[in-house]
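Encoded as structure tokens, the structure appears first; notes follow it.
Every read-out reported here was derived from the displayed coordinates using simple, explicitly stated rules and does not represent laboratory data. Just so you know, these numbers come straight off a predicted model, no measurement behind them. Reconstructed Cβ throughout: ideal geometry from the backbone, glycine too, with neighbour counts over all protein chains shown.
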Amino acid sequence: MLAARSTMMTATTSTLPFTERSNPLTQNIDVADCKGIVDMLHSCDEEMLAGSFQFPGLQDDSTVRTILGAVDHIATIMQEPEDHLVVMSGCGTSGRMAFLAATTCNRLLRESGRQACCAYLIAGGDRALLTSQEAPEDDPLLGASELQQAVAGKKKVFYIGITCGLSAPYVAGQLDYCLQHLEAFTPLLMGFNPVQLARNHGIETWYKTVKDVVEEMERATKDNKAFILNPVVGPEPITGSTRMKGGSATKILLDTILLLAAQKAVDQCAINEHTVRAFLRAYSQCVESVYSKAADISCLVSNAGKSLQASGHIYYFGAGTAGIMGCIDASECVPTYGSDPEDVRGFLRGGYDTLNNADGCLANLGPLYRLSWKDFCDNILGHFSSSDSAIFLLSSPDEMEPCADLAEKLKKTGGHVMAVLYNFQPNDAKMSASFSTVFPQSVLLQMPPVPATGGSAAVQAAVCRRLGEFALKLVCNSVSTGAHIMVGKVFQNFMVDVQIRNNKLFYRAIRIVQHLSDCSDAAATRAVLSALYDTDDVTPLVDINVSQHVDRGTKQEKVVPIALLCAALKMSPSQARQQLTVTPVIRHAISAVVTK
Ligand code: S6P
């Protein structure tokens, strides 16, 4: 039988990374109503900023000091950009945050009359900005060679490797390369676990583990040749879903470092601990401003969930980086919830010209890479129906007008048409009245004042945009998480339809099965392999490389739910598959066999 709610990963909790732990704040998120879901996400985001996990948190002195160290290095590069470079890199959400930080920082530098000096790398290349490409995360050699290409001809490089779980071999390969070339590189590892909980699994194509590299980084840190920025922000609201708190904390840290470096380099501002703390406080205030609209956000969640329940879709629309936040949120639903890539999609006004990615237009890769509003109007508008949800993401009241035409067309179908607007201007009754006329179902986020740190108008405007993007990230994450909960993709706080798309996800799948069915690690492994290969006899599979399981997992659906039923009810994979056709809502299929 499946384990009841109370026995939460007890024996292994202290050795389990924070990023893989189940958060006690959200253990009932699967049975909460929409407002309850948003309130729990609020508590988790407060926890992210407050810390208190017996390890330094986001606002602790050691974190602030490391931020200041990074600011100094990057400001120097911004002042002498000729043959110097800042590279930010990661996999999945971490790579997307690196992309956003690099491209927006370059824009700010150009607007300020400076030369751009930031580059980004993402495992799987630019297509991973829009779709899930989880497998390249496992390849340290690919990471190292891509870094080598990116820095060709540069004399000094400040490298920021982001891996929320301290777990991605792609990033470890790059850090290792930096450590071997410390004459040119200053590496910074960003993540949200203590170093002793870095991933220690063997890597098939390499002789080191991620933990080996993290320990080398620790030694280089002691010699002042490297940085580790790893505040603990607590477990994710949906277990292991580092797109949420991990992605948000990454954004807070990258924004803070880059904006303060720009203030120092461009505006000659003195940056000290107080300035850093003022920035971090602004993000805390932003969290409170967003969730002060929890009731409005929960209406968006409810509509979006109804759309998925009716086999409809959720479409985000936005201009500039507001639209990019929607695209990023959409891209994460496939690996997290095993959802169809068409279920949640983002559309960007101006398409690739707005995305501003290194490889330019990717539209020829297929329909999922056609992301402009025009693409939506040409290919999807005609099918938009009363089952669908449209959410416009606006960064200024001026954007209402260009949205109004498309919004009216969508409203005529009877679908849910909603909007989120973040506003830094003083509250204006006329503006909010016209906003709610165009979008009767909407969230108007009145943003807190930006920290007054003496930067130029260009820097201050950039600070507003970064805070606004953060606010939109929280809302989009609430919408897509809540909607997938409503459609039964979460049990307790586990993503029970996660797809096995890389090594980390293979082991996470086993942990979910082990925990929920209260069985041994070996029994859970057998159940996952049995579901993966549709066989009762897993003996020949046990010694196969995990990369082969991942190849298969990328193509197989419902592996975790089937494995759960196999482990808990001693069903064969075909019986479990049959059970899931009778009870297709996975949460219902699982909860039907839970012992209370
Ligand atoms: C997580 C997301 C994943 C991760 C990726 C990198 O919600 O779906 O794509 O971002 O696996 O993880 P990490 O720990 O290296 O940042």
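Working carefully through the options Val450, Val496, Val475, Val443, find the one that is out of contact with any strand residue (DSSP E or B) (no Cβ under 6 Å at 6 or more places or on another chain) and under 25 Å from Lys35 (Cβ atoms).
Val496
Could you please let me know if Ala135 is surrounded by fewer than 22 Cβ atoms within 10 Å (Cβ to Cβ) and within 11 Å of the ligand (Cβ to nearest atom)?
It is true that Ala135 is surrounded by fewer than 22 Cβ atoms within 10 Å (Cβ to Cβ) and within 11 Å of the ligand (Cβ to nearest atom).
Would you point out the residue of the range 141-179, among those that are of a type in the set (Ser, Thr, Tyr) and in a loop (DSSP other than H, G, I, E, B), that is surrounded by the fewest Cβ atoms within 10 Å (Cβ to Cβ)? Break it down stepwise before answering.
So the first thing to find is which residues in the range 141-179 are of a type in the set (Ser, Thr, Tyr), and the list is 145, 159, 163, 167, 170, 177.
Checking the rest, the ones that are also in a loop (DSSP other than H, G, I, E, B) come to 163, 167.
Numbers: Thr163: 35, Ser167: 28.
Top of the filtered list is Ser167.
Conditions: (1) outside any helix (DSSP H, G or I); (2) in contact with a Cys (Cβ under 9 Å, 6 or more places away or on another chain). Lys409 meets all but one. Number of the miss?
Just one mismatch for Lys409, condition (1).
Name every residue in the range 362-404 that is of a type in the set (Val, Ile, Thr) and either surrounded by fewer than 15 Cβ atoms within 10 Å (Cβ to Cβ) or in contact with a helix residue (DSSP H, G or I) (Cβ under 7 Å, 6 or more places away or on another chain) (or both), in order of residue number. Full working, then the answer.
To start, the set of residues in the range 362-404 that are of a type in the set (Val, Ile, Thr) comprises 380, 391.
Of everything in the range 362-404, just one residue is of a type in the set (Val, Ile, Thr) and either surrounded by fewer than 15 Cβ atoms within 10 Å (Cβ to Cβ) or in contact with a helix residue (DSSP H, G or I) (Cβ under 7 Å, 6 or more places away or on another chain) (or both), namely Ile391.
Can you say whether Leu121 is among the aliphatic types (A, V, I, L, M), surrounded by 24 or more Cβ atoms within 10 Å (Cβ to Cβ) and not in a helix (DSSP H, G or I), as far as the supplied structure shows?
Judged against the criteria, Leu121 is a match.
Can you name the residue in the range 501-532 that is of a type outside the set (D, E, K, R) and touching a residue at least 60 places away in the same chain (Cβ under 8 Å) and is also surrounded by the fewest Cβ atoms within 10 Å (Cβ to Cβ) among such residues?
Here the residue is Tyr507.
Quick one: is Ile77 away from the ligand (no atom under 16 Å from the Cβ) and over 16 Å from the mean Cα position of the chain (by Cα)? Let's see the steps before the verdict.
Working: away from the ligand (no atom under 16 Å from the Cβ): yes; over 16 Å from the mean Cα position of the chain (by Cα): yes.
Taking the combined requirement at face value, the residue satisfies it.
Determine whether the range 184-207 contains at least one residue that is of a type in the set (Asp, Glu) and surrounded by 16 or more Cβ atoms within 10 Å (Cβ to Cβ).
No.
Filter the range 260-275 for residues that are charged (D, E, K, R) and under 14 Å from Pro451 (Cα atoms) and give the result.
Glu273
When the range 170-186 is examined, which residues are found to be within 18 Å of Gly124 (Cα to Cα) and either near the ligand (Cβ under 9 Å from one of its atoms) or without any contact (Cβ under 8 Å) to a residue 12 or more places away in the chain (or both)?
Within the range 170-186, Tyr170, Val171 meet the criteria.
Counting only residues that are among the hydroxyl-bearing types (Ser, Thr, Tyr) and not in a helix (DSSP H, G or I), which one in the range 12-70 is surrounded by the most Cβ atoms within 10 Å (Cβ to Cβ)?
The selected residue is Ser22.
Quick one: which helices (runs of 4 or more DSSP H) lie wholly within the range 188-301 and hold at least 1 residues that are away from the ligand (no atom under 13 Å from the Cβ) and either under 30 Å from Pro440 (Cβ atoms) or free of Cβ contacts under 8 Å to residues at least 12 places away in the same chain (or both)?
The qualifying helices (runs of 4 or more DSSP H) are 210-222, 273-291.
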